[in-house]
Amino acid sequence: MKKLLFFGFAVLSFMAKGQQDPQYTMHILNPLAINPAFAGSRGEQEATLVYRNQWMGLDKSPTTIAGNYQSRYNQGRLASGISYFGDKNGLFTHSALTISQAYHAKMASWTLSLALSAGIEELSANLSSVDHTIAGEVDNAFASDIKRTYFNFGFGGYAYNDRFWIGFSMPHLLKQDWGNQTNGDVQPAYQAAHSYLTAGGIVNVNPFVDVKPYTLIKWAENVTPQLEMGATAYYQKRWGIGAGYRVGDALTLNAEAIVNDHLRIGYAYDRTVSGLSAFTRGGHEVMVRYHFGKGYKGLR
């Protein structure tokens, strides 16, 4: 019971002031999850599947299952993507199905992709399941459950070549009401617009070793921007190992196996450094990516 109450308050605080979208440690290997303009940037067809378990050790810790498929066509000028995620976070369940459409414009040494996205999302909160009675009093904030289904739109830009990339995206442009409108005791709750700025590159150290540094800045309304940075070193363009730091949140370790030009497998571990570190063993994330057609020979 104490764990449930603690986690309930932690989740409510997280939903009110923190990141509302699922968090991915291996976003650098799966950028379509945060930027619709990434669709088709590796050419041809590609599918990705991700499983994440965050804050292990906490009762009802967040788990996420996500997947996407993308394809490029019309002589490389157009690309489409479809993405799904299902996120369970304590009392809350959040899922979304999103379609992205991108246009790729080739320039002298870069390609610029601009994209729009549209999706349907569902949020539910099983508030009535909480044992919140204190001294015979009932908190009306937990008297009824919440369930919302709504549409949203987003956009993104992504400039890239074989060695460098930079992108900006806002997956949710519309401010959605997540609260219980029929209960006057409940404070308003909204889905805020989230923004992501990403950049990175691939540096060839010698014939055997390449290093891929990256940075991510994300922010939302009334939330302090969060910086994340890291790097992965690759041996013979097949085996990768790296580390990163999500400021104020976690240290991360990751490993990759590029099995061939089609199949890529990744694993990441988060070691929480925030105040939750006393209650959790960290988090795990697994990714499988498959490239169809001729395969992809790069490290992006």
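No value in this document is a laboratory result; all are computed from the given coordinates. Keep in mind that what you see is a predicted model, and the values were worked out from it rather than measured. Heads up, the Cβs are rebuilt from the backbone with ideal geometry, glycines too, and the neighbour counts pull from every protein chain shown.
Give the shape of the range 194-246 as rounded, prolate or oblate, defined through the alpha-carbon gyration tensor: a ≥ b ≥ c are the square roots of its eigenvalues, a/c under 1.5 means rounded, and otherwise the shape is prolate if a/b is larger than b/c and oblate if not.
prolate
Evaluate the relative contact order of the range 27-83 (contact order divided by residue number), counting alpha-carbon pairs under 8 angstrom at least 6 apart; express in whole percent.
35
Sorted by mean Cβ packing within 10 Å, highest first, what order do the peptides 216-227, 29-40 take?
By packing density, highest mean first, the sequence is 29-40, 216-227.
Along the three principal axes, how long is the range 211-300 when you take its alpha carbons, biggest first, rounded to the nearest angstrom?
45, 29, 22
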